[in-house]
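Peer 1: Sending over a structure as structure tokens; questions will come in a sec.
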Amino acid sequence: ADFLPGAKPAKISEYDRRFAEHIESHALLAAYGPQPEVRETLAQLARVASCSLMTAGSNLKGRRVALEKHGIAGFSERFEAVESDPRRRPAQLRRLGEGDPRTLVAAATDSLIRSAVEAELFAVGIASGGCSVARLHQAGANVVYKELHELADSFRNGAADLIGAGLLPPSFDPPG
């Protein structure tokens, strides 16, 4: 309520509803563009692993159109919405990981990092969004990079930092 001083609660609720509707509109999503280097970075990551993209937004169709428009959709095998209930996210992440102990979750939000940790998956924080490096570490990230391309650079250089932090190397096949 601090952002609308003196507004009546009914007006604040209406503002919240309209704002949420606007930020998920097809028109606004179509105006978004990717961060620099994201296509190249996702192409590099897709060469070393199968990738799934997830969004916290509710307009999945509009976001998919934007990904396709910018040539990003082809780098992922799946694109889906993150569970709105944080308590259900760990199960969703485990399902996406298909039981592979080398599953890595790269996320720019502390809530998704916590979900990855709860799902017992390797969590990589990307501090290029609203969360700082410290906040992502506090959420439990195994490794934190300032930009997504640093994760791709790590893989290109042998991923020693990731393996040192606990990610199973590609040649290790756990007993099963």
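Peer 1: Filter segment 125-137 for residues that are in a helix (DSSP H, G or I) and of a type outside the set (Val, Ile, Thr); which is least open to solvent (accessible area, probe 1.4 Å)?
Peer 2: 136
Peer 1: Condition first: farther than 22 Å from residue 157 by Cα and among the charged types (D, E, K, R). Now tell me which residues in segment 9-61 satisfy that.
Peer 2: Once the filter is applied, which keeps residues that are farther than 22 Å from residue 157 by Cα and among the charged types (D, E, K, R), segment 9-61 yields 11, 14, 16, 17, 18, 21, 24, 61.
Peer 1: Name the single residue that is farthest from residue 121 (Cα to Cα) among those in segment 143-164 being part of a loop (DSSP other than H, G, I, E, B) and out of contact with any helix residue (DSSP H, G or I) (no Cβ under 8 Å at 6 or more places or on another chain).
Peer 2: Taking segment 143-164 as the starting set, the residues that turn out to be part of a loop (DSSP other than H, G, I, E, B) are 146-147, 157-159.
Filter again for out of contact with any helix residue (DSSP H, G or I) (no Cβ under 8 Å at 6 or more places or on another chain), leaving 147, 157-159.
Working: 147: 20, 157: 22, 158: 20, 159: 17 Å.
Among residues in segment 143-164 that are part of a loop (DSSP other than H, G, I, E, B) and out of contact with any helix residue (DSSP H, G or I) (no Cβ under 8 Å at 6 or more places or on another chain), the one farthest from residue 121 (Cα to Cα) is 157.
Peer 1: Still on this structure, please answer the following. Looking at (1) open to solvent by less than 40 Å² (accessible area, probe 1.4 Å); (2) on the phi < 0 side of the Ramachandran plot; (3) more than 13 Å from the chain's Cα centre (by Cα), which is the one condition that is false for residue 140?
Peer 2: Status for residue 140: all satisfied but (2).
Peer 1: Output the helices (runs of 4 or more DSSP H) that fall wholly within segment 31-124 and possess 1 or more residues being farther than 26 Å from residue 137 by Cα, open to solvent by 30 Å² or more (accessible area, probe 1.4 Å) and free of Cβ contacts under 8 Å to residues at least 24 places away in the same chain, or say none.
Peer 2: 38-48, 60-69
Peer 1: Moving to a separate point now. If you check residue 164 against the conditions, is it open to solvent by 60 Å² or more (accessible area, probe 1.4 Å) and either closer than 26 Å to residue 47 by Cβ or without any contact (Cβ under 8 Å) to a residue 24 or more places away in the chain (or both)?
Peer 2: Criteria met by residue 164.
The values are calculated or read from the model by the stated rules, or taken from the named source; none is laboratory data. Everything numeric here is computed off the predicted structure, so don't read it as measured data. Every residue, glycine as well, gets a Cβ built from its backbone with ideal geometry; the counts of neighbours run over all protein chains shown. Heads up: the accessible areas ignore ligands, DNA and RNA and are worked out on the full protein's heavy atoms, side chains in. Shrake-Rupley method; radii C 1.70, N 1.55, O 1.52, S 1.80 Å.
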